[in-house]
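Have a look at the structure below before the remarks.
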Amino acid sequence: MIQTIDHKADPVTIEAAIAKFGAAKLLRAALVALIARGPKPSKLDAGQLSDHLRRDIGLGPAEPPPEPWSLLR
């Protein structure tokens, strides 16, 4: 059985925020949040993943396994 909890939506709107804090403070907070965001994360390259992670997402190993007879020497 899946439990669901009904939450009533908060009536928070931009108009209510402007009425409560003022337009200048709200605009300043929005600009600071936009500028203060860090740089975008770099794209991940599958070549940098370990063989364990590559196997988890369905890729083969980065390097071919050693030949079996090379381990017997």
Looking only at the stretch 1-19, filter to residues that are at pLDDT 75 or above and among the charged types (D, E, K, R); which one of those is farthest from the chain's Cα centre (by Cα)?
Glu15
In the stretch 18-29, anything surrounded by 10 or more Cβ atoms within 10 Å (Cβ to Cβ) and either aromatic (Phe, Trp, Tyr) or assigned to a helix (DSSP H, G or I) (or both) is listed as Ile18, Ala19, Lys20, Phe21, Ala23, Lys25, Leu26, Leu27, Arg28, Ala29
Go through the stretch 38-59 and give me each residue that's modelled with pLDDT of 85 or more and surrounded by fewer than 10 Cβ atoms within 10 Å (Cβ to Cβ).
His52, Ile57, Gly58
Looking at (1) of a type outside the set (D, E, K, R); (2) assigned to a helix (DSSP H, G or I); (3) surrounded by fewer than 10 Cβ atoms within 10 Å (Cβ to Cβ), which is the only condition Val32 fails?
(3)
Of the criteria (1) under 30 Å from the mean Cα position of the chain (by Cα); (2) modelled with pLDDT under 80, which one Ala29 fails
(2)
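The values are calculated or read from the model by the stated rules, or taken from the named source; none is laboratory data. Everything numeric in this text was worked out from a predicted model, so none of it was measured. Quick reminder, even Gly has a Cβ in these numbers, built from the backbone with ideal geometry, and neighbours come from all protein chains shown.
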